[in-house]
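Report on one structure; see the data block that follows.
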Amino acid sequence: MLLLPRMSSKLARSLLLLLFAFSICDAVALPGPISDRHRSAALELFAPQHGSFASLEESYEALRIFEILAVREKPDVRATTCPKVLENLVSSTPLKDLFYALKVNGILKCKVNGDIFKDIASRLKATVKDAKTLIDLYYSIGSLLLIKDQASDVDVLLADADGTFHSIKALSQSDGKWRYTDKPESSTYAAGLALEALAGVITLASSEIDQSRVNLVKNDILKLFDSIEKYDDGTFYFDEKLVGGHEHQGSISTTSSVVRGVFAFAAVTSGKINLPGDKILGLAKFFLGIGIPGDAKDLFNQIESLALLESNRISIPLILSLPASVYSLSNKDQLKVRVNTVLGSAAPPLTVKLVRAFSTVAKDSAVIQNKDLKYDQNSGHHVLDVLPDKVDVGIYVFVFEMVLHDADGEKVYATGGQIHVPIYVTGIVKVSNAEIAVLDNDLGSIETQKTLDLAGNDIVSLSANHLQKFRFSFQLTTPRGHAFKPHQAFLKLKHETKYEHIFVVGNAGKKFEIVLDFLGLVEKFYYLSGRYDIELTVGDAVMENSFLRPLGHLELDLPEAPTSKAPRLPPLAVDPYTRYGPKAEITHLFRTPEKRPPTQLSLIFLSLTLLPLIGFLVGLLRLGVNLRNFPSSAAPATYAILFHLGIAAVLVLYVLFWLKLDLFTTLKTTALLGVFLLFVGHRILSHLATTSAKLKSA
Amino acid sequence: MARSTSKDAQDLFRALWSAYSATPTNLKIIDLYVMYAVFTALIQVVYMAMVGSFPFNSFLSGVLSCVGTAVLAVCLRIQVNKENKEFKDLAPERAFADFVLCNLVLHLVIMNFLVG
């Protein structure tokens with residue numbers, strides 16, 4: 001009987017969570033614009049080692065970031081970097097180093113002799129004419145552009161700009177991607193490089209490039225944007241499909257390369273590139289959504305791309321963010337909204353409209369509709385001064401829209417249409433009418449009843465036996481007077497022996513009630529009689545006064561456990577932190593060594609083993625063994641001696657094998673000795689054989 | 001009856017001994033060698049019976065070397081014995097060379113087994 005209300009409340013709760021999940025799908029936490037956290041990350045990631053950066057590329061990235069973010073505490077590396085720049089500004093340096101040296105010089109403005117620029121410029125112009133790969137063209141054109149800015153008297157214009165334009169365009173593909181060389185591997189990253197190079201060619205052209213060619217490139221840009229990837233929240237980005245190949249670039253590098261290329265191209269061409277504003281805004285959301293990257297290169301790509309997005313000719317994204325998404329009814333908070341550009345600067349004059357706000361449980365009825373937020377000049381926030389009375393505690397989705405004051409602004413800025421934001425409205429939930437009672441039987445005649453003020457600290461003391469019931473009820477009311485169902489409403493009974501039982505308190509509207517029938521719970525309580533502590537937990541995310549309150553004690557008298565069915569008490573939960581303490585020491589049980597006989601016994605038997613040898617020798621002597629047959633003449637005698645020596649040598653070798661040699665050396669030596677032995681043995685034995693044959697025949 | 005039995009045993013023993021004395025000396029040397037090998041093996045078995053067979057491979061290699069060399073000596077005796085018609089054409093030196101070679105191989109194997 002008690003299980004039913006518990007199950008239905010569980011079902012209801014899971015249904016609520018599902019609904020909540022669906023409604024919150026398109027409302028996500030908004031990434032804010034660039035802030036001081038990015039500045040401190042830049043200082044941390046780009047900290048010079050021993051006063052200078054590792055490479056010119058890193059020096060350029062660091063200096064550019066400090067410039068864009070206007071970092072005040074940037075390290076002064078002029079003294080160490082300028083010499084490096086100067087030593088790289090010679091004709092013979094590789095293109096990449098020359099490129100980055102010029103970039104660093106553009107920021108630091110080291111003192112460089114004008115002739116150096118002339119020298120480099122002529123070499124670069126020759127390279128542009130002969131270059132075969134996209135990378136070489138990119139670096140040489142980029143370097144010429146930088147020289148143009150740094151030394152106005154040097155002639156950097158390309159004689160055959162049309163030809164160069166054509167050779168870069170020839171590497172493009174029909175899907176908008178570009179190839180690096182004649183080899184077929186293509187990438188989106190290369191497209192970014194190519195667009196930047198083409199923009200450079202247009203700037204460096206001595207005569208105007210044909211407009212039809214420029215339009216072809218604009219089409220390429222549109223095709224490239226067809227392959228853009230997106231997330232569900234409106235974030236757009238580029239990624240490389242081909243893994244591996246020419247130095248695989250991740251999504252951040254690829255997207256920033258495209259951003260650099262597209263905006264560089266847009267800056268130098270007249271006329272529009274028809275890229276939709278929501279894609280530009282999506283790119284901004286991608287870079288802001290990274291947060292604070294942990295990698296220096298990612299941070300550079302993020303900041304530089306956002307700087308290009310901040311002021312570009314196609315569409316400038318405007319970012320809406322909320323300093324806080326939790327509003328307290330008891331504090332009478334105000335809803336504040338900020339609108340900035342991606343780098344955090346002020347937005348053009350606009351009004352933020354709250355199109356509608358709805359609760360996640362009732363998506364169709366809007367609690368607020370069509371309100372304009374007031375703009376506060378001092379703080380730069382758009383403020384909704386008061387939430388209407390309809391807004392109660394709970395989770396809502398607020399839908400905002402930005403309306404620019406300047407009618408033409410729509411073409412210049414990208415605002416992103418309707419923006420869904422999840423808002424938590426919290427408040428103090430009133431807990432009242434708490435009553436505890438012990439009821440006698442099914443008829444419900446009350447034995448004891450006490451009221452309780454849950455706001456205070458008073459506790460009750462009750463007693464009951466297994467034939468009675470326990471009833472507890474209270475009411476929850478929201479600040480606006482409606483019924484409230486919290487995430488947690490638990491009643492816990494804990495025995496002196498630390499065994500606890502938790503029950504969910506169900507509700508009907510505002511009234512929460514639980515009835516415990518001890519007759520059915522005797523087995524669940526393991527037949528343990530005695531004192532039970534009662535504890536109530538009521539909690540929810542939007543409830544500011546969630547509490548866990550001991551209510552008092554209950555002396556429960558349960559019958560004895562029947563001996564036939566002795567209750568097996570489950571093990572009590574061990575303090576979970578003990579698992580991190582030291583474990584019991586393991587003593588390794590070594591294999592007991594075999595019993596060996598006492599040493600003296602072994603030595604006795606060793607000597608006993610030698611006895612038969614002595615017996616053998618004695619027997620030989622008794623038999624009259626002699627060496628009469630030993631050959632007397634020189635040659636056979638030598639062979640005889642060598643034969644015996646050979647056998648002795650083999651036996652000695654075996655002893656050595658037993659003592660320290662391994663099988664392979666022994667086999668090798670045995671083989672050698674064996675051959676020797678065979679030879680001498682054959683000689684002596686054949687000699688003996690012939691002498692005995694002679695004797696026999698004689 | 002016991003006296004006659006013991007007397008018969010003594011007569012038997014004496015007859016065997018005199019018959020044995022007739023064998024050529026070189027065969028007697030070989031027999032002595034066999035007895036030596038067998039006795040050494042027996043002593044090792046007794047030792048093992050007393051203390052257990054823990055390093056079993058050492059016991060095996062000891063006993064098998066004795067038994068092996070005894071067997072090879074018996075083969076030598078068969079081949080060298082002039083009364084043996086089968087090996088009439090085989091020179092005793094050749095048999096001895098075989099004996100030496102086989103012994104060397106046997107002891108190499110025994111040594112390897114003893115070590116490993």
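From (1) surrounded by 13 or more Cβ atoms within 10 Å (Cβ to Cβ); (2) more than 19 Å from the chain's Cα centre (by Cα), pick out the condition that doesn't hold for B:Phe13.
(1)
So A:Ala437 fits all but one of (1) of a type outside the set (Asp, Glu); (2) surrounded by fewer than 20 Cβ atoms within 10 Å (Cβ to Cβ); (3) under 30 Å from A:Val542 (Cβ atoms); what number is the exception?
Of the numbered conditions (1) of a type outside the set (Asp, Glu); (2) surrounded by fewer than 20 Cβ atoms within 10 Å (Cβ to Cβ); (3) under 30 Å from A:Val542 (Cβ atoms), the odd one out for A:Ala437 is (3).
Could you check region A:502-518 and list, in sequence order, the residues that are surrounded by fewer than 15 Cβ atoms within 10 Å (Cβ to Cβ) and either touching a residue at least 40 places away in the same chain (Cβ under 8 Å) or not hydrophobic (A, V, I, L, M, F, W, C) (or both)?
A:Gly509, A:Lys511
For region B:18-52, how many residues meet the condition of being of a type in the set (S, T, N, Q) and within 10 Å of chain A (Cβ to nearest Cβ)? Walk me through how you get there before you give the answer.
So in region B:18-52, the residues of a type in the set (S, T, N, Q) come out as B:18, B:21, B:23, B:25-26, B:40, B:44.
From what is left, the residues that are within 10 Å of chain A (Cβ to nearest Cβ) are B:25-26, B:40, B:44.
Going through region B:18-52 one residue at a time, the tally reaches 4.
For region B:22-34, which positions are touching a Gly at 6+ places or on another chain (Cβ under 8 Å) and crowded, with 16+ Cβ neighbours inside 10 Å?
B:Leu32
For every residue, the table says whether it meets (1) in contact (Cβ under 8 Å) with a residue 60 or more places away in the chain; (2) under 19 Å from A:Gly416 (Cα atoms); (3) surrounded by 19 or more Cβ atoms within 10 Å (Cβ to Cβ).
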| site | (1), (2), (3) |
| --- | --- |
| A:Lys230 | no, yes, no |
| A:Phe238 | no, no, yes |
| A:Arg260 | yes, no, yes |
| A:Val268 | yes, no, no |
| A:Leu281 | yes, yes, yes |
| A:Leu288 | yes, yes, yes |
| A:Gly291 | yes, no, no |
| A:Phe300 | yes, no, yes |
| A:Leu308 | no, yes, yes |
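Return the residue satisfying two criteria in turn: it lies in region A:662-672 and is aliphatic (A, V, I, L, M) and at the interface with chain B (Cβ under 9 Å from one of its Cβ atoms), and of such residues it is nearest to B:Ser61 (Cα to Cα).
Of all residues in region A:662-672, those aliphatic (A, V, I, L, M) come to A:663, A:667, A:671-672.
Now drop any that are not at the interface with chain B (Cβ under 9 Å from one of its Cβ atoms), which leaves A:663, A:667.
Working: A:Leu663: 16, A:Leu667: 18 Å.
Checking each candidate, the answer is A:Leu663.
Every residue in region A:623-640 that is of a type outside the set (Gly, Ala, Ser), in contact with a helix residue (DSSP H, G or I) (Cβ under 9 Å, 6 or more places away or on another chain) and without any contact (Cβ under 8 Å) to a residue 12 or more places away in the chain, please.
A:Leu623, A:Val625, A:Phe630, A:Thr638
What residue, of A:His487, A:His495, A:His482, is touching a residue at least 40 places away in the same chain (Cβ under 8 Å) and touching a strand residue (DSSP E or B) at 6+ places or on another chain (Cβ under 8 Å)?
Just one listed residue meets the conditions, A:His487.
Conditions tested, residue by residue: (1) of a type outside the set (Ser, Thr, Tyr); (2) modelled with pLDDT of 80 or more; (3) out of contact with any helix residue (DSSP H, G or I) (no Cβ under 8 Å at 6 or more places or on another chain).
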position: A:Ser546; (1), (2), (3): no, yes, yes
position: A:Gly552; (1), (2), (3): yes, yes, yes
position: A:Tyr577; (1), (2), (3): no, no, yes
position: A:Glu585; (1), (2), (3): yes, yes, yes
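Of A:Ser152, A:Ser143, which residue is surrounded by fewer than 18 Cβ atoms within 10 Å (Cβ to Cβ) and not assigned by the TED database to the domain that holds A:Phe238?
None of the others qualify; the one that does is A:Ser152.
Table: residues versus (1) at pLDDT 85 or above; (2) of a type in the set (Val, Ile, Thr).
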position	(1), (2)
A:Phe643	yes, no
A:Val652	yes, yes
A:Asp662	no, no
A:Thr669	yes, yes
A:Ser697	no, no
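Scan region B:55-71 and give yes if some residue there is within 14 Å of the chain's Cα centre (by Cα), away from chain A (no Cβ under 11 Å) and farther than 28 Å from A:Arg622 by Cβ, otherwise no. I'd like the intermediate steps shown before the answer.
Taking region B:55-71 first, the residues within 14 Å of the chain's Cα centre (by Cα) are B:63-71.
Still in the running and away from chain A (no Cβ under 11 Å): B:63-64, B:67-71.
Checking which are farther than 28 Å from A:Arg622 by Cβ leaves us with B:64.
Among the residues of region B:55-71, at least one is within 14 Å of the chain's Cα centre (by Cα), away from chain A (no Cβ under 11 Å) and farther than 28 Å from A:Arg622 by Cβ, which makes the answer yes.
When you scan region A:587-596, do you find a residue that is aliphatic (A, V, I, L, M) and outside the structural domain of A:Glu513 (by the TED database), even just one?
Here is the first cut: in region A:587-596, the ones aliphatic (A, V, I, L, M) are A:589.
This time we only want the ones that are outside the structural domain of A:Glu513 (by the TED database), so: A:589.
Yes - at least one qualifying residue is present in region A:587-596.
Looking at (1) under 29 Å from B:Ala95 (Cα atoms); (2) without any contact (Cβ under 8 Å) to a residue 40 or more places away in the chain; (3) more than 9 Å from chain B (Cβ to nearest Cβ), find the lone condition where A:Arg579 falls short.
(1)
Return yes when A:Lys285 is of a type in the set (D, E, K, R), in the same structural domain as A:Ile209 (by the TED database) and part of a helix (DSSP H, G or I) and no when it is not.
Here the answer is yes, as A:Lys285 does meet what is asked.
Please tell me if B:Ala70 is surrounded by 15 or more Cβ atoms within 10 Å (Cβ to Cβ) and closer than 29 Å to A:Leu603 by Cβ.
Answer is yes for this residue.
Can you name every one of the strands (runs of 3 or more DSSP E) wholly within region A:393-471 that holds 2 or more residues which are among the polar types (S, T, N, Q) and within 30 Å of A:Tyr327 (Cβ to Cβ)?
A:418-426, A:430-439
Looking only at region A:594-652, count every residue that is assigned to a loop (DSSP other than H, G, I, E, B), surrounded by 14 or more Cβ atoms within 10 Å (Cβ to Cβ) and more than 10 Å from every other protein chain (Cβ to nearest Cβ) and tell me the total.
Counting residues in region A:594-652 that are assigned to a loop (DSSP other than H, G, I, E, B), surrounded by 14 or more Cβ atoms within 10 Å (Cβ to Cβ) and more than 10 Å from every other protein chain (Cβ to nearest Cβ) gives 1.
Restricting attention to region B:76-116, which residues are over 30 Å from A:Phe664 (Cα atoms) and either without any contact (Cβ under 8 Å) to a residue 12 or more places away in the chain or among the small types (Gly, Ala, Ser) (or both)?
Within region B:76-116, B:Ile78, B:Glu83, B:Asn84, B:Lys85, B:Glu86, B:Phe87, B:Lys88, B:Asp89, B:Leu90, B:Ala91, B:Glu93 qualify.
Out of all the residues in region A:35-55, is one or more under 25 Å from A:Leu95 (Cα atoms), part of a helix (DSSP H, G or I) and at pLDDT below 90?
Scanning region A:35-55 turns up no residue that is under 25 Å from A:Leu95 (Cα atoms), part of a helix (DSSP H, G or I) and at pLDDT below 90.
Out of everything in region B:83-116 that is within 11 Å of chain A (Cβ to nearest Cβ) and of a type in the set (D, E, K, R), what residue ends up being nearest to the chain's Cα centre (by Cα)?
If we take residues in region B:83-116 being within 11 Å of chain A (Cβ to nearest Cβ) and of a type in the set (D, E, K, R), then B:Asp98 is nearest to the chain's Cα centre (by Cα).
In this structure, does A:Glu87 turn out to be surrounded by fewer than 16 Cβ atoms within 10 Å (Cβ to Cβ), modelled with pLDDT of 60 or more, among the charged types (D, E, K, R) and closer than 19 Å to A:Cys110 by Cβ? Break it down stepwise before answering.
On the way: surrounded by fewer than 16 Cβ atoms within 10 Å (Cβ to Cβ): yes; modelled with pLDDT of 60 or more: yes; among the charged types (D, E, K, R): yes; closer than 19 Å to A:Cys110 by Cβ: yes.
Yes; evaluated as a whole, the condition is true for this residue.
For region A:374-392, which positions are assigned to a strand (DSSP E or B) and loosely packed, with under 15 Cβ neighbours inside 10 Å?
A:Lys374, A:Asp376
The values are calculated or read from the model by the stated rules, or taken from the named source; none is laboratory data. Keep in mind that what you see is a predicted model, and the values were worked out from it rather than measured. Heads up, the Cβs are rebuilt from the backbone with ideal geometry, glycines too, and the neighbour counts pull from every protein chain shown.
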